[in-house]
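The values are calculated or read from the model by the stated rules, or taken from the named source; none is laboratory data. Keep in mind that what you see is a predicted model, and the values were worked out from it rather than measured. Positions of Cβ are generated from backbone atoms using ideal geometry, with glycine treated the same way; all protein chains shown enter the neighbour counts.
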Amino acid sequence: MMLDTVTETQAYDLQVQIFKVLTHPARLAILEILRDGEHCVCHMEAYLGFRQAYISQQLAVLRDAGLVQDRRDGWNIFYRVADVRVYEVFDAVRRITGQGEPVVKQPKLPCYCPKCSDQTGMDSK
């Protein structure tokens, strides 16, 4: 009888792994930044104020879990959400907790990536 229970609960292992990945505030913030499309690490640095190495570490966890994908464009690597349905989960949790919009709204630092330079007219480094 116990063996059947273990086998039945193993069906939840993949879901548990995704929830574990989502229990980190920096990863949630990164995913919120990616809500409006792809961004490079330097862009996430500007918004979050974390070091590039730390953001890259969190992105690796998200990528390994299949939540984000990346593409290289010259020196820059751009990240995007692999499946936008993850935001349905985010929005449901916000409703459950009574929280409003995410707090990641404005960059703390300037971003000089090609994407931001094109949008703001800033010169790239």
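Couple of notes before you dig in:
- Against the list (1) of a type outside the set (S, T, Y); (2) at pLDDT 95 or above; (3) within 13 Å of R35 (Cα to Cα), the condition F90 fails is (2).
- Residue within segment 65-80 that is closer than 18 Å to C111 by Cβ, surrounded by 11 or more Cβ atoms within 10 Å (Cβ to Cβ) and among the small types (G, A, S) present: no
- Only one of R27, R72 that is without any contact (Cβ under 8 Å) to a residue 60 or more places away in the chain, of a type in the set (D, E, K, R) and part of a helix (DSSP H, G or I): R27
- Count - residues of segment 74-112 that are touching a Cys at 6+ places or on another chain (Cβ under 8 Å), within 23 Å of D64 (Cα to Cα) and aromatic (F, W, Y): 2
- Every condition in (1) assigned to a helix (DSSP H, G or I); (2) surrounded by 15 or more Cβ atoms within 10 Å (Cβ to Cβ) is met by Y112 except one, and the failing one is (1).
- Checked against (1) farther than 16 Å from C113 by Cα; (2) crowded, with 19+ Cβ neighbours inside 10 Å, T9 passes all but a single condition, namely (2).
- For segment 5-22, a residue qualifies if it is outside any helix (DSSP H, G or I) and more than 12 Å from the chain's Cα centre (by Cα), and the qualifying residues are A11, Y12.
- Restricting segment 39-63 to residues that are without any contact (Cβ under 8 Å) to a residue 12 or more places away in the chain and not basic (K, R), the residue that is surrounded by the fewest Cβ atoms within 10 Å (Cβ to Cβ): A53
- Residues in segment 85-95 that are in contact (Cβ under 8 Å) with a residue 40 or more places away in the chain and β-branched (V, I, T) were compared, and the one that is surrounded by the most Cβ atoms within 10 Å (Cβ to Cβ) is V86.
- Failed item, numbered, when F50 is tested on (1) assigned to a loop (DSSP other than H, G, I, E, B); (2) aromatic (F, W, Y); (3) out of contact with any helix residue (DSSP H, G or I) (no Cβ under 7 Å at 6 or more places or on another chain): (3)
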